[in-house]
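We did not get these values from a lab; they are worked out from the coordinates using the rules stated. Owing to the predicted nature of the structure, the values given are computational and were not obtained by experimental measurement. Using ideal geometry, Cβ is built from the backbone for each residue, glycine included, and neighbour counts are taken over all protein chains shown.
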Amino acid sequence: MSEKNKYQNRRDFVKKVGKWAVALPIAYLGYELIQKTSAQEFVWQIDPYKCTQCGQCETNCVQTVSAVKCMHAYEMCGYCDLCSGYLRQGVKERNTGAELQLCPTSAINRSFIENPYFAYTIDEELCNGCGKCVKGCAAFGNSSLYLQIKHELCVNCNLCSIAQTCPAEAIQRVPNSKAYNLKDGYKPKES
Amino acid sequence: MIDKILNSKVLIIAIVVGFAIAFIWYLLKQPTNDLVASLPGMDNRPKSLGENDSVIIGEFFERFNEIDETTSGSWPRFRGNEFDNISKDTISIAENWPVGGPPIIWQIDLGEGHAGPAIHKGKVYVLDYDEEIRADALRVFSFKTGEELWRRWYEVLIKRNHGMSRSIPTVTDDVVLTLGPRCHIMCSNTETGELLWSMDLIRDYGAELPQWYTAQCPLIDDDIAVIAIGGKNLAVGVNISTGEIVWETPNPDNWKMSHSSVFATTFHGKKTYVYLAVGGIVGISGEGDDIGKILWKTSAWDPTVVATSPVFTNNNEIIVTTGYGAGGARVKIFKTETGFEAILVEKHSPKNGLSSEQQTPILAGEFLWTINPKDAGALRNQLACYHVSDLINPVWTSGKENRYGLGPYLLIDDKMFLLNDDSELFLYKITNNKSAMLLAQHKIFEKGVDAWGPMAYIDGYLILRDSRRMVSIYVGL
């Protein structure tokens, strides 16, 4: 009798099927657990709706300059001449003079589009993640400015030092497939 | 051998020279070379943001229908008959609403904006912006049915800028006066809609258009229209029948037009028009030989943006509030040997006391009601009540579970109607004059947005709007 046509009784067959029926789910469960505990699949990110712009993202990140940057939801922006995310409170003039700007590093570029609209873009190289513009925009504007961790800069520490101190618990691990909590359709560059 | 030494000397010299050059370069190198100074003008802002088109104010008119209806009540202007946002109607207000909310009597579509209604003798007056034909349109509706009766309009380009329309018409038996988003004054006959006169405050007086367009609601005091300008003249008085300029107030400090409206009051027996300009607060004589003259002024309170109007106490004081971090303040008017003097006696940040960003607080008896702004710390967005003598410590707040936005609120008897940004309407009952109990709430519009326009109320009917729709609802018993 060839090996191919070897006799197998019903008891052995049921045993074999039973073993596979137990082993396969256990193996799959193990695979899923590994997937979920793998640091490579999760990244740290800020929930902009929880963020209170406390300023700790600027100072507590292990990166110098912080990996946290301001982002701009253009679809939400009012393109105001008097932008509370760009200008300090109480200013009487509206122009690009450094003394009028809220941003300590002049990381927001302001440009005239057409009356009465002005566009605001973020220079990420200059942005230090202090969140002052975000606070100003949230207080009086449309909250179109918000903070996000840029993953091409973030080293994805096992325990994020900003998340440890964030008073609003706004920094959490998110799946790498949804690495940004965006307020509009902005697609960040591949890291 | 010599060659070797020579070569090594040359090598050493070359190294020394190289180091010397590097050292000189290091000394001369300016580490700030790469920095770019942020200077004015880098945004390519043009010298003037003004539009140069010419507008023929009140050019067009169309009548749709005529009615023979009237109402016993009247809400003829911003903040009602007595400028206090308190209705004196005696109709009882229902304390609870059916499951579907208060009955909607009629609903109309409007252009995007925040312009509230005025109600007079059976008609509702709204200065709308018609986005299709790009025109400011004074639209008059039947109070009873919402049917449009007539409209007078003029073409003017308004771009979307946090809403388009903002101002509320002021209506008397004879005239209806409007101030358009780009500073166009139009005075029409209340019944016939006939154009009586007009003014372009930018062209005629060099007014500077406020941020996000004009929101001032013009004041009619007897037969004089009092209009704040902030250009060549701080304010003017205009005969409402003829359009003739009766008086002009100089503007020596070059103060600018705000979103605030001129209110009339009396200080030390002297009738005074009070205006919160961008630049300061001014009191203008409202009677006598010196009518139109500045009685007092102060720039001690000078926020960047002023959206609210002044509140007057019985103690010759003005309470002022605004958003954008400015908070609130109290100004006291003193009588001096030579005239009057305005002194800022109290000023606080929004975190430390009564404040309001868009809506003017309501003074009911000795208590002030407000919705604190977003930057008011723990009290942010809460409805709060303060005794008029203490603007720092509220006597009651709605609590952190009940926060509101920039929407309007008004008082009817012991009831307060409050509209949230998304058009959810709240009904509060005022208890002991200084606290409130939530009775009912209902969302008026599906997907309501920016419901910031002031409400109007008469005869049991409340008229309110969100950014694009207006409704009349019945809230009486």
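Of note:
- Think of chain B as a dipole: +1 on every Lys or Arg Cβ, -1 on every Asp or Glu Cβ, centred on the Cα centre; then among B:Thr32, B:Thr192, B:Tyr154, B:Thr32 lies furthest on the positive end.
- Using θ = phi - 60° and Karplus 6.51 cos²θ - 1.76 cosθ + 1.60, couplings along region B:448-456 (whole Hz; Gly, Pro as x): x, 9, 6, 7, 10, x, x, 8, 9
- Extreme residue, positive dipole direction of the protein assembly as shown, given options A:Asn156, B:Gly80, B:Tyr125 (C-beta unit charges): A:Asn156
- Proximity of backbone amide H atoms, modeled 1.01 Å from N, is registered between B:Gly327 and B:Thr322 at under 5 Å, excluding neighbours fewer than 5 places apart on the same chain.
- Between helix B:2-28 and chain B: long-axis angle, C-alpha atoms, 0 to 90°, nearest 10: 20 degrees
- Extension gain from A:Lys178 to A:Lys92, taking 0.36 nm per residue of separation minus the Cα-Cα distance: 26.8 nm
- Take the Kirkwood radius over Cα pairs of chain B, plug it into Stokes-Einstein at 37 °C and 0.692 mPa s, and you get 135 µm²/s for translational diffusion.
- For region B:386-398, backbone phi angles converted through the Karplus equation (6.51, -1.76, 1.60; θ = phi - 60°) give residue-by-residue couplings of 10, 6, 4, 7, 9, 8, 9, 9, x, 8, 7, 9, 6 Hz, Gly and Pro being listed as x.
- Projecting the Cα atoms of A:Tyr7, A:Cys137, A:Gly78 onto the dipole axis of region A:1-142, where Lys and Arg carry +1 and Asp and Glu carry -1 at the beta carbon, places A:Tyr7 farthest toward the positive end.
- Only Lys, Arg (+1) and Asp, Glu (-1) charged, at Cβ; chain B dipole about Cα centre in debye: 2080 debye
- Averaging the sequence gap over all C-alpha pairs within less than 8 Å and six or more residues apart, then dividing by the number of residues, gives chain A a relative contact order of 33 percent.
- Relative to the Cα centre, the charge distribution of the protein assembly as shown, modelled as +1 at Lys and Arg Cβ and -1 at Asp and Glu Cβ, gives a dipole magnitude of about 3900 debye.
- 5 angstrom amide H check on B:Gly476, placed H, neighbours 5+ away: B:Ala94
- In order through region B:68-83: 3J(HN,Hα) via Karplus (6.51 cos²θ - 1.76 cosθ + 1.60), integer Hz, x for Gly, Pro: 10, 10, 8, 10, 7, x, 8, 10, x, 6, 3, 6, x, 4, 10, 6
- Using R0 = 25 Å, the C-beta based FRET efficiency linking B:Ser389 and B:Thr336 works out to 0.55.
- Each of B:Thr265, B:Thr178 was scored by other Cβ atoms within 10 Å of its Cβ. Listed from fewest to most, they are B:Thr265, B:Thr178.
- Centre separation in Å (Cα based) which lies between region B:399-438 and region B:260-307: 30 Å
- The dipole here belongs to region A:54-134: it is taken about the Cα centre, uses +1 on the Cβ of Lys and Arg and -1 on the Cβ of Asp and Glu, and is about 220 debye.
- Residue separation of B:Glu69 and B:Thr242 scaled by 0.36 nm, minus their Cα-Cα distance, works out to 59.5 nm of gained length.
- Under the criterion of Cα pairs below 8 Å and six or more residues apart, the relative contact order for chain B equals 13 percent.
- Convex hull of Cα atoms in region B:224-294, direction-averaged projection (nm²): 4.6 nm²
- Counted residue by residue at 0.36 nm each, then reduced by the alpha carbon distance between them, the extension gain from B:Ser48 to B:Asp34 reaches 1.8 nm.
- Neighbourhood net charge (14 Å Cβ-Cβ; Lys/Arg +1, Asp/Glu -1) for B:Lys232: -3
- For the protein assembly as shown, convex hull volume per residue from C-alpha positions, Å³: 302 Å³
- Each Lys or Arg adds one and each Asp or Glu takes one away; over the other residues whose Cβ falls under 13 Å from the Cβ of B:His120, this sums to -2.
- Modelled FRET efficiency - R0 30 Å, B:Asp174 with B:Asn315, Cβ distances, 0.05 increments: 0.25
- Using R0 = 45 Å, the C-beta based FRET efficiency linking A:Tyr117 and B:Ile105 works out to 0.70.
- Remark: spin-label model distance B:Val345-B:Lys159 equals 4.6 nm, labels positioned 7 Å along the Cα→Cβ axis.
- Electrostatic bookkeeping for B:Thr313 treats Lys and Arg as +1 and Asp and Glu as -1; over the other residues with beta carbon under 11 Å from its beta carbon, the sum is 0.
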